[in-house]
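Reviewing the structure listed below.
Values quoted throughout were computed directly from the atomic coordinates according to the rules given, and no laboratory measurement underlies them. Note that the structure is predicted; figures quoted are calculated from it, not measured. Glycine also receives a Cβ, built like all others from the backbone with ideal geometry; neighbour counts cover every protein chain displayed.
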Amino acid sequence: MARLELSTISKNFGAIQALTGVSLTLHGGEVVGLMGDNGAGKSTLVKIIAGNYPPSSGTMEMSGRKLAFHKPSDARAAGIEIVYQDLALCNNLTAAANVFLGRELERGFFPFRFLDYRTMFQRAGELFAELKSETRPRDVVKRMSGGQRQAVAIARTRLSDPKIVLMDEPTAAISVRQVAEVLALIRRLREHDIAVVLISHRMPDVFTVCDRIVVLRRGRKVSDKAIAQSSPEEVTGLITGAIEQA
Amino acid sequence: MTERDDSAVSLQDSIARSVHRNLLAWVVSRQVFWVSIAAAVAFIALSLASDVFATQDNLYNVTRNFAFVAIIALGMTAVIITGGIDLSVGAVLVLSGMVCGMSMNGGMSFWLAVPLALGAALAVGAFNGVMIAYVRMPPFVVTLGMLSIARSLAMVLSNNRMVYEFGPDQDTLLALGGGDVGVWLPLVGSVRVPNPVLCLVTIAILAGVAFRWTKWGRYLFAIGGNEEAANLTGVPVKRMKVSVYMACSLAAGIAGILEVGWLGTITTGLGQGTELTVIAAAVIGGANLSGGMGTAFGAIVGAALIEVIRNSLTLLGISTFWQGTFVGCFIIVAVLFDRLRIRTSSE
């Protein structure tokens with residue numbers, strides 16, 4: 001059974017038609033590259049999956065059950081996690097504090113409930129080790145490299161044992177060495193049977209790490225095929241419109 | 001990336017590893033440490049320069065005077081950590097004092113007047129918070145407006161009279177603000193501690209624990225660090241903001257009641273300009289006006305330093321007109337010092 005099944009999803013904002021009849025299937029342990037030019041509808045699609053807003057028409061099913069999200073926390077409760085483009089990290093807090101932000105562990109009983117620093121440091125340390133990242137739980141994010149920041153944002157998604165992770169341009173603004181680190185992190189997610197959606201403008205990254213590639217153009221899906229059967233040239237053509245459909 | 005066959009060991013090592021090599025390095029990197037040093041140096045220098053300073057009577061006055069500012073500075077620090085500012089604290093102080101004073105003047109019991117006054121303070125804080133969090137107005141503007149409104153309401157309440165008759169429970173009120181408690185301290189022996197200082201210590205401990213050990217405190221820093229991120233990760237940003245402005249107003253309200261009890265009289269001029277002293281105390285104590293930084297201890301040390309400067313100028317016979325210059329210099333130097341430290345550590 002498919003992890004996530006989108007059927008003929010459309011979305012319009014007033015007169016603007018952002019998505020038209022997009023169907024998409026995600027499986028566990030699969031990395032899907034979502035590509036398209038600016039305004040092609042990538043962010044809209046991701047925001048619908050993430051529960052930021054509902055589709056105008058079409059249905060979403062997760063492991064066979066109908067989904068209706070009213071807010072992002074609904075999607076999170078269903079096992080969908082997002083790594084935002086700007087990572088949504090607080091620079092003044094430690095790596096562990098960022099991993100647990102909004103989901104802090106506490107001990108004691110009301111009204112004496114206190115943060116459980118020890119368990120949070122421990123758990124965050126385990127997550128970083130699992131991701132084979134050199135990030136340390138007590139380090140303040142302000143002093144971290146781009147790759148380490150990505151590790152923090154990705155470790156955050158692992159906290160709840162998610163089914164689907166959506167990543168928005170994770171390799172856009174970091175150095176070459178750090179890109180390799182992030183791609184390794186994505187593979188680690190795949191090993192844990194998570195369905196990953198990678199939104200990226202960087203063709204080499206998509207072809208390195210993805211199993212399947214989906215191309216959107218002007219709100220429509222114009223391609224959906226295994227990476228082995230495609231090529232960067234073809235994808236470029238699909239994105240620009242030089243190739244109508246593939 | 002390194003291979004980790006000895007992963008169990010290195011995991012524990014990585015978890016235990018802190019940013020600073022040792023405790024000393026951590027302490028030295030804090031602005032509040034240097035401000036504490038400055039306060040201690042000023043304290044020692046004054047004890048030597050003036051034979052009045054280190055007497056119990058003088059220290060009694062110094063600690064009581066700074067307690068009012070320090071109590072509000074704790075609330076202000078919470079607001080500043082979230083990246084906000086509250087200019088209305090001086091006006092809330094007089095409003096709370098006036099509500100308490102006027103209702104007792106009208107014959108109301110102390111035990112009803114105090115909750116009423118604190119309720120008024122909380123209502124002001126709630127209004128500030130709602131306007132800032134839900135209507136999305138800038139904190140500076142909302143609280144500037146409230147500065148004007150709250151003080152004017154205090155004038156309306158009292159008809160701008162001086163109030164010094166506090167009804168049947170007058171003695172209770174005066175004892176609360178002006179009284180003291182004998183406390184036995186190691187090395188020093190028995191000392192008289194003014195009630196406002198006891199209040200300050202209690203509130204400081206509560207604030208210190210809340211900042212560091214509760215979700216509420218963690219969210220203050222998260223909102224100050226990156227409000228958008230806090231929102232995306234499910235921190236209830238709006239409710240947090242309302243609660244923090246209410247906490248700050250409550251601190252000002254408590255200080256107002258204590259101050260009325262100490263002075264034994266209340267005029268509508270009470271607390272004028274307090275907001276600036278309080279903000280100065282918070283900033284000297286290491287709170288960063290751009291948000292995300294500040295401690296309860298820092299607020300107290302900042303307030304203490306300002307009071308020690310004021311007191312020392314008086315004792316040394318320097319014109320009180322110079323006070324503003326000294327306090328102002330300390331604000332600038334404290335922040336300048338922090339800038340220099342950040343610059344050297346990032347190079």
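Fewest Cβ neighbours within 10 Å first, please rank A:100, A:121, A:114 accordingly.
With the sparsest Cβ surroundings first, the list reads A:114, A:121, A:100.
Post the alpha-carbon centroid distance, the stretch A:93-164 to the stretch A:1-52, in whole angstrom.
When both Cα centres are located, 29 Å separates them.
Over chain B, what is the mean sequence separation of C-alpha contacts under 8 Å (at least six apart), divided by residue count, expressed as relative contact order in percent? Could the numbers behind the result be given before it?
On the way: 559 pairs, mean separation 107.7, N = 347.
Relative contact order, chain B: 31 percent.
I need the calculated FRET efficiency for the pair residue A:130 and residue B:141, taking r as the beta carbon distance and R₀ as 41 Å, to the nearest 0.05.
Details: r = 48 Å, r/R0 = 1.16.
That pair, residue A:130 with residue B:141, gives E of 0.30.
In a Gaussian network model over chain A where Cα atoms closer than 10 Å are linked, find which of A:44, A:119, A:171 has the largest mean-square fluctuation.
A:119
Mind running the shape call on chain B? Use the C-alpha gyration tensor, a ≥ b ≥ c as the square roots of the eigenvalues: rounded below 1.5 for a/c, prolate if a/b tops b/c, oblate otherwise.
Oblate shape, in that a/c is at least 1.5 and b/c is the bigger or equal ratio.
Using the count of nearby Cβ atoms within 10 Å as a rough guide to exposure, how do B:237, B:135, B:28, B:89 rank from fewest to most? Kindly include the intermediate steps, with their values, before the conclusion.
Numbers: B:237 18, B:135 8, B:28 11, B:89 34.
Ordered by Cβ neighbours within 10 Å, fewest first: B:135, B:28, B:237, B:89.
Starting with the highest mean, order B:62-68, B:171-177, B:115-121, A:79-85 by the number of other Cβ atoms within 10 Å, averaged over the residues of each peptide.
Final packing ranking: B:62-68, A:79-85, B:115-121, B:171-177.
Per-residue Cβ counts within 10 Å, from other chains only, averaged over A:84-91: what number is that? Working shown, then result.
Working: counts 4, 0, 4, 3, 7, 5, 14, 4.
The shielding value for this peptide is 5.
For the Cα atoms of chain B, what angle does the longest principal axis make with the long axis of helix B:237-263, in degrees from 0 to 90, nearest 10?
40
Rounded to the nearest 500, what is chain B's calculated 222 nm mean residue ellipticity when only DSSP H runs of at least 4 contribute -39500 (n - 2.57) each, over all residues?
Dividing the helical sum by the residues of chain B leaves -24000 deg cm²/dmol.
May I have the pair-distance distribution P(r) for the stretch B:69-224, computed from all Cα-Cα distances with 10 Å bins from 0 and rounded to whole percent?
Each 10 Å bin holds this share of Cα pairs: 10, 30, 33, 21, 6, 0.
Between residue A:228 and residue A:201, what is the label-point separation in nm under the 7 Å Cα-to-beta-carbon projection?
Result for the modelled spin labels: 3.2 nm.
Which lysines does residue A:71 reach when only Cα atoms under 29 Å apart count, and residues fewer than 8 places away in its own chain are ignored?
Filter leaves A:11, A:42, A:47, A:163, A:221, B:215, B:238, B:241.
For an R0 of 41 angstrom, estimate the FRET efficiency from the Cβ-Cβ distance between residue A:244 and residue A:208 and round to the nearest 0.05.
Details: r = 27 Å, r/R0 = 0.66.
Once the sixth-power term is evaluated, E becomes 0.95.
Could you name the aspartates and glutamates in cross-link range of residue A:132, using Cα to Cα under 15 Å and dropping any fewer than eight places away on the same chain?
A:181, A:191, B:3, B:5, B:6, B:13
For the stretch B:195-347, just say rounded, prolate or oblate: build the C-alpha gyration tensor, square-root its eigenvalues into a ≥ b ≥ c, call rounded for a/c under 1.5, and beyond that prolate if a/b exceeds b/c, oblate if not.
Oblate is the answer for the stretch B:195-347, as a/c is 1.5 or above yet b/c matches or exceeds a/b.
So what does the Cα-only Debye profile of the protein assembly as shown read at q = 0.07 Å⁻¹, as log10 I(q)/I(0), no solvent term?
For the requested q values the scattering log ratios are -0.55.
Given Cβ point charges of +1 (Lys, Arg) and -1 (Asp, Glu) and nothing else, what value in debye, to the nearest 20, does the dipole of chain B about its Cα centre take? Let's see the in-between values first.
Values: 19 positive and 18 negative charges, 110 e Å.
So the dipole magnitude of chain B works out to roughly 520 debye.
When the label point is put 7 Å from the Cα of residue A:107 along its Cα-to-beta-carbon vector, which residues of the stretch B:188-229 have a backbone N closer than 19 Å?
B:209-218
Between 0 and 90 degrees, rounded to the nearest ten: what's the tilt of helix B:56-81 against the longest Cα principal axis of chain B?
Helix B:56-81 sits at roughly 60 degrees to that axis.
Could you tell me the calculated FRET efficiency between residue A:191 and residue A:71, based on Cβ-Cβ distance and R0 = 30 angstrom, to the nearest 0.05?
Working: r = 31 Å, r/R0 = 1.02.
With a Förster radius of 30 Å, E is 0.45.
Loop only per DSSP, at most 16 neighbouring Cβ atoms within 10 Å: give me the chymotrypsin sites (Phe, Trp or Tyr not before Pro) in the stretch B:292-328, ordered by residue number.
Passing both the DSSP loop test and the Cβ count: no residue.
For chain A, what does the relative contact order come out to in percent, with C-alpha contacts under 8 Å and a separation of six or more?
In percent, rounded to a whole number, it is 26.
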